[in-house]
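As structure tokens, the structure follows; a few thoughts come after it.
Any read-out appearing in this document is the output of simple, stated calculations on the displayed coordinates, not a laboratory observation. Just so you know, these numbers come straight off a predicted model, no measurement behind them. Here the Cβ is made from the backbone with ideal geometry for all residues, glycine too, and neighbour counts use every protein chain on show.
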Amino acid sequence: MNDPHFLSRRRFLSFAGVAAASTLAGCASSSTPPVMPVRTVAFTRPEIPGSVEYTPRSAELDLIYGEMEDSGFIIPAVPYQKIPPQFYRQRVSNTTGQPAGTVVVDTRARFLYLVESGGATAMRYGVGIGREGFAWQGEGVIWWRQKWPRWKPPNEMVARKPELAKYSIENGGMDPGLTNPLGARALYIFQNRQDTLYRLHGSPEWNSIGKAVSSGCVRLINQDVIDLYDRVPEKARIVVWQ
């Protein structure tokens, strides 16, 4: 692969022992799955590529995106080979200019960053952006977080799609589960203690990562949103760039 952001085969083999040492702990929701090692990445806003070179299967990525059990739900493995490698969860040098504990969403580049303790590195996740994801920018606070949330489509969406009426706010929304559009976790963004209606959430639609999709805010692979949920500080500051 020619992209300097990703491991060469030789560099990957040097980390294979780390993945093997994680054993079955990577499949439990209470553990911290491995991540790609630190690398220096210039903070640029590249165009979303029309074609990519896909990554061969690896033991490390099998652990990160393998099948996992969470709160009684079995989350299927993600066929990560079909996702552009820049959107894999990975630790990068922090070039966002933001302090530790900050979540940064770059909607155009389709990346979400969580700046780590000390401020030198950040966890980076690939995201998909829906119409609502482009509707808000600025600074806010992740005021509320929820595991396996109920999905309650707004009345405007129900008006566009009457078949969603059974999941309306008035009807209590859709039960949590693998087909719920909010996925395994939802993080709710407030500004001045008011709900912005802007959400970071999981999604079973792994093939939407890195793309502009029809609806929703900022979606992550379920395995990634669980990892983010476990790492993000309480009442974390969030910055959203358009």
So what's Rg/Rh here for the stretch 50-150, counting alpha carbon atoms and using the Kirkwood radius for Rh? 0.98
Which residues does the label zone of Thr95 cover in the stretch 119-156, counting backbone N under 20 Å from a point 7 Å along Cα→Cβ? 119-127
Just to compare against my own numbers: the Cα pair-distance distribution for the stretch 107-234, 5 Å bins, whole % per bin, please. 2, 11, 19, 24, 23, 13, 5, 2, 1, 0
Answer in debye to the nearest 20: the dipole magnitude of the stretch 131-221 about its Cα centre, from +1 Lys/Arg and -1 Asp/Glu charges placed on Cβ, is 160
Integer Hz, Karplus 6.51/-1.76/1.60 couplings in order for the stretch 158-163, x for Gly and Pro: 4, 5, 6, 10, x, 5
Length gained if Asn171 through Phe73 is fully extended, taking 0.36 nm per residue and subtracting the Cα-Cα distance, is 32.9 nm
Per the Cauchy relation, a quarter of the hull surface: what is the mean projected area of the convex hull of the alpha carbons in the stretch 184-242, in nm²? 4.5
Mean Cβ neighbour count within 10 Å, used as a protection proxy, ranking 148-154, 135-141, 104-110 highest first: 104-110, 148-154, 135-141
